[in-house]
Amino acid sequence: MNPADLIVVLASTFFAFLLLFNFQRQKLSYFYNVRSLFYAWCICFILIAYSRIFSFSFNSAEVALYRTKVSLIISSLMAMVFGSLAAILSHYTETKTVRKFLSQIFKKPYPPLLVYYALWIGNIILCIITTPFSITQFRNLITGDVEYAAVHETWYKGVLILLGIPVILYPCLTFFKLSKQHKDAKVRKSFKFFVITLILYTVSSPLFTIVRTYGYSEYDLTYLFQTFLLAMMWYGFKEPTILTGFFEKQPYEISPKRLDVSTSKASTAFSESLGLRHQQLVGRKILLEFDATTNYEEAVKEFLQECQTHDRLPIIFTRKGSVIYSATVNEKNVHFVLLTSNVSIPTQGASKNETLLPAEDISLMLNALNKMLKDKTRNMCLVYDNLSDLIFSVGFEKTYAFTKYVIEMLAGSETIALFLINPQAHDSKIVSSIRGLFTDQITYEKEQIEITKLSKLNLKIA
């Protein structure tokens, strides 16, 4: 194997791996649920590149034949991946996982997608049962060495051209139209750039076959060009918020309004119960362990009252019917984020101070919280009611990741956060793991707050 050939192929796989890394950096978000399709596309590209390395090592007509078949089949799968993404974004918009998307295809068929799939599945079957090309010898464009390569039959060249048209007209055109609708200029620019690179990727292979008329194979030229395209694609998406920003379009914008703040005397009952002044609460993330048989909602009400009288807007993540919701539903200066199974996307609640979110979608919870924290025009306090319900809904691992990420989001901010958990509802290992995330821990038992652990934070001015 000539080192120059190897460098060309490895360069393309290097940027494919960089793209995989970019996709992995997308934190818990709507994109998190469909990024497996992006993974699949990158892995397919890497497999094609590795098949090229294999053909370098075993330069024979038989190896070239099977490599060409494999490459054509994998390329068809790559086209189907982007067709699936286009369908999720344009038609199956409420589908948040690949599994649900596949089930929806059969329940609610979308004709353009079915035709698109049929074309590429037909190509896969064609490549399996027939050999629409012959193997001949060409000179390597870089090294001049003789190698075996495929020459497609004239009729199959026509098939490939016809298959390329749907790729441009369906996924590429869909991505372009959707990018124009996005509010974020950076996201629009990145995805228009993505569409251009995708079109160039689609047409590059057939265009470069022109060098065969001069007795050379075009493989290395194609890989050089595709390396450039992958590098540009990576550069366009190197920020971890670009892809999530595109996938997290919402029909309802979460934006809690500042309501009238009470002019009554500032309350300090909650901070005093911890032996602190209110200014020393600022920036703390507190774990409140409660006994369900006690009136623990009183501690939460004291927390909310103190926040309100210090010009903070309380945000409560809870569910209708919970003890906390029942105790605070009549509060005027509170914004409720109600977790329910009745919606699949963020939705306006019955009143202006209510937002509805899917109870099991931690990605949308994080996105909602992130949008609230970006609003620097008001100070806020947060109550999450409660981690026990979340553990039973999505499992411990996702709850742990969610809580850890929220704490990271709150780091450095002046938001005061109170997370509730019922330790009696869980195994001691689970409770211990959750406790390990918090430097401030309190319990509510015997009708009063008991301090478990408090960190020594510098005094902050609210």
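The values are calculated or read from the model by the stated rules, or taken from the named source; none is laboratory data. All values derive from a computational prediction rather than experimental measurement. Reconstructed Cβ throughout: ideal geometry from the backbone, glycine too, with neighbour counts over all protein chains shown.
Restricting attention to segment 410-428, which residues are of a type in the set (A, V, I, L, M, F, W, C) and surrounded by 16 or more Cβ atoms within 10 Å (Cβ to Cβ)?
If the condition is that a residue be of a type in the set (A, V, I, L, M, F, W, C) and surrounded by 16 or more Cβ atoms within 10 Å (Cβ to Cβ), then Leu410, Ile416, Ala417, Leu418, Phe419, Leu420, Ile421 are the ones that fit.
How about segment 340-356: which of its residues are hydrophobic (A, V, I, L, M, F, W, C) and touching a residue at least 40 places away in the same chain (Cβ under 8 Å)?
If the condition is that a residue be hydrophobic (A, V, I, L, M, F, W, C) and touching a residue at least 40 places away in the same chain (Cβ under 8 Å), then Ile345 is the only one that fits.
Exactly one of these conditions fails for Leu338: (1) buried (at least 19 other Cβ atoms within 10 Å of the Cβ); (2) farther than 27 Å from Asp291 by Cα. Give me its number.
(2)
Show me the helices (runs of 4 or more DSSP H) entirely contained within segment 99-208 in which 1 or more residues are of a type in the set (Gly, Ala, Ser), in contact with a Phe, Trp or Tyr (Cβ under 9 Å, 6 or more places away or on another chain) and surrounded by 16 or more Cβ atoms within 10 Å (Cβ to Cβ).
Details: elements: 111-129, 154-167, 173-181, 185-208.
In segment 99-208, 173-181, 185-208 are the helices (runs of 4 or more DSSP H) which contain 1 or more residues that are of a type in the set (Gly, Ala, Ser), in contact with a Phe, Trp or Tyr (Cβ under 9 Å, 6 or more places away or on another chain) and surrounded by 16 or more Cβ atoms within 10 Å (Cβ to Cβ).
Out of Glu331, Glu302, Glu272, Glu306, which single residue is in contact with a Phe, Trp or Tyr (Cβ under 6 Å, 6 or more places away or on another chain) and more than 27 Å from His426 (Cβ to Cβ)? Quick ask: steps written out before the conclusion?
On the way: Glu331 fails: in contact with a Phe, Trp or Tyr (Cβ under 6 Å, 6 or more places away or on another chain); Glu302 fails: more than 27 Å from His426 (Cβ to Cβ); Glu272 fails: in contact with a Phe, Trp or Tyr (Cβ under 6 Å, 6 or more places away or on another chain).
Going through Glu331, Glu302, Glu272, Glu306 in turn, the sole match is Glu306.
Can you tell me which of Val159, Val167, Val146 is among the β-branched types (Val, Ile, Thr) and touching a strand residue (DSSP E or B) at 6+ places or on another chain (Cβ under 6 Å)?
Val146
Looking at Lys332, Lys320, Lys352, Lys374, which is the one that is charged (D, E, K, R), at pLDDT 85 or above and in the same structural domain as Glu447 (by TED's automatic domain parsing)?
After applying the criteria, what remains is Lys320.
I'd like the residue in segment 48-69 that is surrounded by fewer than 16 Cβ atoms within 10 Å (Cβ to Cβ) and aliphatic (A, V, I, L, M) and, out of all such residues, is farthest from the chain's Cα centre (by Cα).
Per the stated criteria, the residue is Ala61.
Check off (1) under 18 Å from Leu287 (Cβ atoms); (2) of a type in the set (A, V, I, L, M); (3) surrounded by 23 or more Cβ atoms within 10 Å (Cβ to Cβ) for Ala401 and give me the number that stays unchecked.
(3)
Is at least one residue of segment 179-189 in contact with a Lys or Arg (Cβ under 7 Å, 6 or more places away or on another chain) and on the phi > 0 side of the Ramachandran plot?
Checked against the condition, which is being in contact with a Lys or Arg (Cβ under 7 Å, 6 or more places away or on another chain) and on the phi > 0 side of the Ramachandran plot, segment 179-189 yields no hits at all.
If you scan segment 177-200, which residues turn out to be more than 20 Å from Trp234 (Cβ to Cβ) and at pLDDT 80 or above?
Within segment 177-200, just Lys177 meets the criteria.
Residues that are surrounded by 16 or more Cβ atoms within 10 Å (Cβ to Cβ), acidic (Asp, Glu) and either in contact (Cβ under 8 Å) with a residue 40 or more places away in the chain or over 20 Å from Asp440 (Cα atoms) (or both): does segment 308-327 have at least one?
No, every residue in segment 308-327 fails to be surrounded by 16 or more Cβ atoms within 10 Å (Cβ to Cβ), acidic (Asp, Glu) and either in contact (Cβ under 8 Å) with a residue 40 or more places away in the chain or over 20 Å from Asp440 (Cα atoms) (or both).
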